[in-house]
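What follows draws every value from the coordinates through simple rules; no lab data is involved. Everything quoted here is computed from the prediction, not taken from an experiment. Glycine also receives a Cβ, built like all others from the backbone with ideal geometry; neighbour counts cover every protein chain displayed.
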C-alpha cells in the first residue's frame, strides 16, 4: 500500500507541482485521496460534470473524443501527468473521455484544493498557463494542417 | 380582532363570566355569616351574655327583615323562626355552623377557582389559535418583514399571562370587591369611626399605589419588546449559522446578543427596584390601619364605648381586608400589564390594514369547472419594491397545454408562474381560469388543482412520506355544505375542531389519490417518485437507515439471504476487492481501530466514539495487552504529524475539509497537549491527555490516512483485545451488538447489515459499484418495495436539509404531481440538477402529463432556467423585461405525436430548434 511519504515523493516529480512549496505538497499528498483503476475503467467521460483533476501516479491513460459517434483516440498520458484540470478551470463539463490503459493509480485533487494550490503558488498557475498555451498552439497547428489538406484536396 | 382586551374577553366569554359572577354572589352570604359568627360565639356562649340565668335560652338563626313604608309590600317579614338554644348547646351548634360554613365557603372557592382556571386556559387556547389563524392568512409579502421567531414568541410567551388573567378579568374584581365591601360594611356596622378609618386608608392605598405602578408598566412594556427582539435575533442567527461560519462573525454575533441581553438586564433591574419600592410602600399603608385600630379601638374599648367582642371582630374582619385590597391592586396591575401586552400583540397581527381572515370556502371540489382556458388579459404585476415585473401581458393558454416560459432572470417568466400560483398579487388586469377570475376561485379548489413548484424548496420537518403527502392533507377540513351557511357558524365549527382534536386523523385525501386507504400508499408514492427519478434514492435512504420497528421474520430472512448473495457476488468479483468482510479473527483494514476493538455496533452511549477512549471496559481490555501504552504513542505520532502538516494553514482552508482524523479547531489544543506529554509516557501523562491521544489513534484508518502507523504486531494485539472485549461485554450484548454473520442487527443500518463489512478505500467508484450491487440484489429478492417503504420514513430534517438541493427539488416536484393537479406551474423547479437528470425527469413528466389509459393529463406552465429544454414543450413563450416577445408553437405539436416521440426527435435537433427560437425572438424584438 502506498503511504503518504511515497505519495509525497511521487508528487515532487510531477512537473505541474515543481513550483509548489513542499509544505503544501505534503498537505496535498495527505488530503488527496488515492484511487486505483483497472484497465478499461473510465476515469471520466465526455459530458460528465467535472469536479476534480487527477495526477497519475502509476500506469497510463488514454484520452479520446467522440467524433461522429466513434471514439477517436487523441493521446496517451502516463506517470506524473495531470488530467481533467481543464474542466476545473472552465467550469464546464468534461471535454474528453479518459480511460485507464493499464492498471492506474491516481491522486484525486478536488476543485477547491486545486484552486487553493493555484492561488497559493502563482508559479503553478504560470505552469498551467504554459501548458495550456502549448496545447492551444499544437491544436492551432493541427487545425492549420487539416485546413491546408482540405484546400489541397 | 377587538382592539381592547376587555371587549375581546367579554365578547368570547360573556356567558361563563356571568355564571361565575352568580356563583360568587351566591357564596357571599356564607362569607358574611362566617365573619359574623365568631362575635356571637364569643359574646354569647363563651362570655355568657344572655345566659346569665340558669336554664336561659337564646334564639338563633331568626331570619326577619322589614321593608320600609315607602316601598311597596312594606311591613315586617318573618322568614324563619330560628331555634332557642341553651348556653352549652348554643356553643356546640354555633361552632358546628361555623365549621359547616368554613367547608361551604371553601367548596365555593374551589369551584370558582377551577372554573376560572378552565375558562382562562380555554380562552388562551382560543386566542393563540386565532393569532395563528391570522398568521396563516398574512399576505405573503408580510412574511418577508417579520421574523418567524418573533411570531412564535408572541403566540407562545407573550400571550401566556393572558391565560391566567382572562379567568380573573371580571371575576376577580367582583370577588375581591365583594370581600372588601363585606369586610368594610362589617367594620362600619360594628363601629362607624373604625369603619371610616379603614375606608380612608383603603382609598389611599387604592389611589396611590396604582399611580406609582404606571412606571412599572412602562418598564414591563419595554421588557416585552426587548425580549421579543431577542427571540427574533437568536432565531435569525441560528437560521443563518452557515453564514456565521463562512464570515467568522462568531464574536460579532456574541456581542450582538450580549448587548441585547444587557439591555434586558437594565430594564429588568429597574423593574425590580420599582416593584419592591411600591411593595414596601403598600405594606406600610396596610400596616398603618391595625396601628390605628389598636390605638383608637383600644381607647374606645377602655373608655367603654366599644365592647371587646366588637373590637376583636373588627380586628379579625380587618385581617381579611388587606389581603383582598392587595390582590385587587395586583389585579389592576395585571390588567394594565396584560392590556398592554394584548395591544402590542394585536398591533403586530394587524399591522397592515389588509390582514383580513380569508374565509376558506369549503365548497365542493368541483374540478369539472376548471376546464377550458387560462386567459390572461392585460396583466401587470409589480414587486414589493414597486417596480413592474410584468407589463400588460395578454395571452390565452389551453388548460392542458404544455408551455415553457423562457427568458433571462427577472424577465417576468417566474413572476408569471408565481402569479398563476397565487403567490404574487395582481396589480392590474385579470387571470381567468376556466372562465372564472383567479381571485374568485376558492383556495379549496386552487389549493388542490393548481400545483406549484419553485426553485427554493422548504419542507416542514417530517418523513419523506409525510412531505410527499403534504399537498393532500385536505380530508376532513370541509364540513358539509349545509353547515357552512354562515361564516360565523363555519368559524365556530373550525374552533370546535381546534378544541376537539382527533389524534388519529391523518388528513389524507385518499379519494384524490384514487386509492382506498393507507395500505395502497407505497405503490402510489412509488409511481410519483419514479417520474422524478427519486424512487431509487428513497430505497437508498431506507438502506442507510436503521429499522425503527422490528421487521417481520420473513423479511429478516430475506435480508440475511441478500447478505449471503452479496457476499458470494463480491467474492466472485475477482478483479477487485470492493468490500472487506468482517472477520472476527482478523483485523479489518478498512475500519477504524475503535471499530476493530468493538467489533460491533455500539448501543449504549458509553461505547460511542467520542467517549470510547475514556470507557473503563475498553481501557481494561487495552491494558491487559499493554495496547493502551502503544496506542497512546501511536496517537501522539499521528497528532504530531498532523500538527506539523497543518502548521501554517488557517482553519478555514479548503484543505481541512476532508480531514476526518482531527478537527482543525482542535489543532492548537493538540499542539499544547503534545508539549505537555513530550517527555511523559502513558503512565505519567494526565488522564485527559491519555484519552485525547488514544482518541486520535482510535479514529485511524490506514488505507484512508496513509500515515503508516500500524504494523502486524499491533493489529494482532487489537484482535486479542477484541476477544477480551467480547468476553467482558457478556452474552446479553446490551452495550454493543457484536457483528455476527448469522444475525441481522437492528442496531446497525440495513446497508451495514447487508454488506457485513466495509467498502474499501482507494478503489475508484467503489461506493457506486457496491450500491449498484446492493440495489440489484434487493431487486432480485423482491426487497425493493420493502426498502422503499422503509425509505419513506426517512426523516428529511429541519426544512428538508438532510436532503441535498437536487433531492429537495425532486421531492417538491413529486409532491406537486402526486395530487393529480389540473395545472402544474413551475419556476426553475429542477435547476439544482445536472442537465442529464433534468432531461430524464422532464421526459417522464411530459409523458405523464398527457392523458393516457384512464389517467387524466395535466397542463404545465414551466418557467425554465435553461432555454435548451424549451423544445420539449408544445408551446414556448419568451419574456423579456416583463413583456412577451415571442409565442411559438413547437412544430411537433401540430402532429399527433406523444411527447416521447417528440422528444426523440427534438433531442437530435436540439440546437437547430434553439436557433429557430432565437431567430423568432430576434424577429419580434426587431
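As a proxy for reagent exposure, B:863, B:604 were ordered by neighbouring Cβ count within 10 angstrom, fewest first; the result is B:604, B:863. Taking the alpha carbon gyration tensor of the protein assembly as shown, multiplying each eigenvalue by 5 and rooting it gives semi-axes of 76, 44, 29 Å, largest first. Along its three principal directions, the equivalent ellipsoid of the stretch B:1-116 from the Cα gyration tensor extends over semi-axes of 40, 21, 10 Å, largest first.
Compute the Rg to Rh ratio over the stretch B:665-712 from the alpha carbon atoms, using the Kirkwood formula for Rh, and round to two decimal places.
Numbers: Rg = 12.1 Å, Rh = 12.0 Å.
With Rg and the Kirkwood Rh in hand, the quotient comes to 1.01.
Placing pseudo-labels 7 Å out from each Cα toward the beta carbon at residue B:377 and residue B:308 gives an inter-label distance of 10.0 nm.
Dimensions of the stretch B:755-802 along the principal axes, based on C-alpha atoms and rounded to the nearest Å, stand at 35, 28, 17, largest first. Counting neighbouring Cβ atoms within 10 Å and putting the fewest first, the residues B:60, A:37 line up as B:60, A:37.
Share of pairwise Cα-Cα distances greater than 25 Å in the stretch A:4-152 is 31 percent (whole percent).
Please report the spacing between the Cα centers of the stretch B:280-301 and the stretch B:658-717 in Å, no decimals. The distance from the Cα centre of the stretch B:280-301 to that of the stretch B:658-717 comes to 78 Å. With each label modelled as a point 7 angstrom along the Cα→C-beta vector, the residue B:239-residue B:316 pair spans 6.3 nm. A simple packing score, the average count of other Cβ atoms within 10 Å per residue, orders the peptides B:526-535, B:424-433 as B:526-535, B:424-433, with the highest score first.
Take each peptide in A:13-19, A:56-62, B:811-817, count the other Cβ atoms within 10 Å of every residue, and average; sorted highest first, the result is B:811-817, A:56-62, A:13-19. Rounded to the nearest 10 degrees, the angle from helix B:910-925 to the longest Cα principal axis of chain B is 60 degrees. For the stretch B:14-44, backbone nitrogen atoms closer than 18 Å to the point 7 Å from residue B:115 Cα along Cα-to-C-beta are found at B:14-32.
Taking the three principal axes of the alpha carbon atoms in the stretch B:186-328, the coordinate ranges are 88, 20, 19 Å, sorted in descending order. Only Cα pairs under 8 Å and 6+ residues apart enter the sum, and on that basis the relative contact order of chain A stands at 29 percent. Taking N as the residue count of the stretch B:5-349, its C-alpha radius of gyration divided by 2.2 N^0.38 Å amounts to 1.37.
Ranked by Cβ crowding within 10 angstrom, fewest neighbours first, how are B:4, B:683, B:848, B:223 ordered? Please report the intermediate quantities before stating the final value.
Numbers: B:4 12, B:683 9, B:848 20, B:223 16.
So the residues, fewest neighbours to most, are B:683, B:4, B:223, B:848.
Extension gain, residue B:60 to residue B:779, is 249.4 nm, computed as 0.36 nm per intervening residue step minus the present C-alpha separation.
If I model the stretch A:109-153 as equal point scatterers sitting on the Cα atoms and use the Debye formula, what is log10 I(q)/I(0) at q = 0.19, 0.25, 0.33 Å⁻¹? Log10 I(q)/I(0), no solvent term: -0.65, -0.83, -1.00. The stretch A:107-126 and the stretch B:767-806 have Cα centres spaced 36 Å apart. Our note on the geometry: Cα centres of the stretch B:393-453 and the stretch B:502-574, 36 Å apart. The angle separating the long axis of helix A:22-31 from the principal Cα axis of greatest extent in chain A is about 80 degrees. Across chain B, the mean sequence separation of Cα contacts (distance under 8 Å, 6 or more residues apart), normalised by length, yields a relative contact order of 16 percent. Legend: Rg and Dmax of the stretch B:585-738, from Cα coordinates, 15.5, 50 Å.
Output the 0 to 90 degree angle, nearest 10, between the alpha-carbon long axis of helix B:487-499 and the longest principal axis computed from the alpha carbons of chain B. Relative to chain B, helix B:487-499 is tipped by roughly 80 degrees. Going 7 Å from the Cα of residue B:266 toward and past its Cβ, which residues in the stretch B:210-245 have a backbone nitrogen under 17 Å from where you end up? What the label zone holds, given the 17 Å backbone N cut-off, is B:218-230. With a Förster radius of 30 Å applied to the beta-carbon distance between residue B:259 and residue B:157, the computed FRET efficiency rounds to 0.90.
Based on the Kirkwood radius over alpha-carbon pairs, what value in µm²/s does the Stokes-Einstein equation return for the translational diffusion coefficient of chain B at 4 °C and 1.567 mPa s? Mind dumping the intermediate values first?
Values: Rh = 36.1 Å.
It diffuses with D of about 36 µm²/s by this estimate.
Compute the projected area of the convex hull of the Cα atoms of the stretch B:256-338, averaged over all viewing directions, and report it in nm² to one decimal place.
Numbers: hull surface 27.7 nm².
About 6.9 nm², averaged over all directions.
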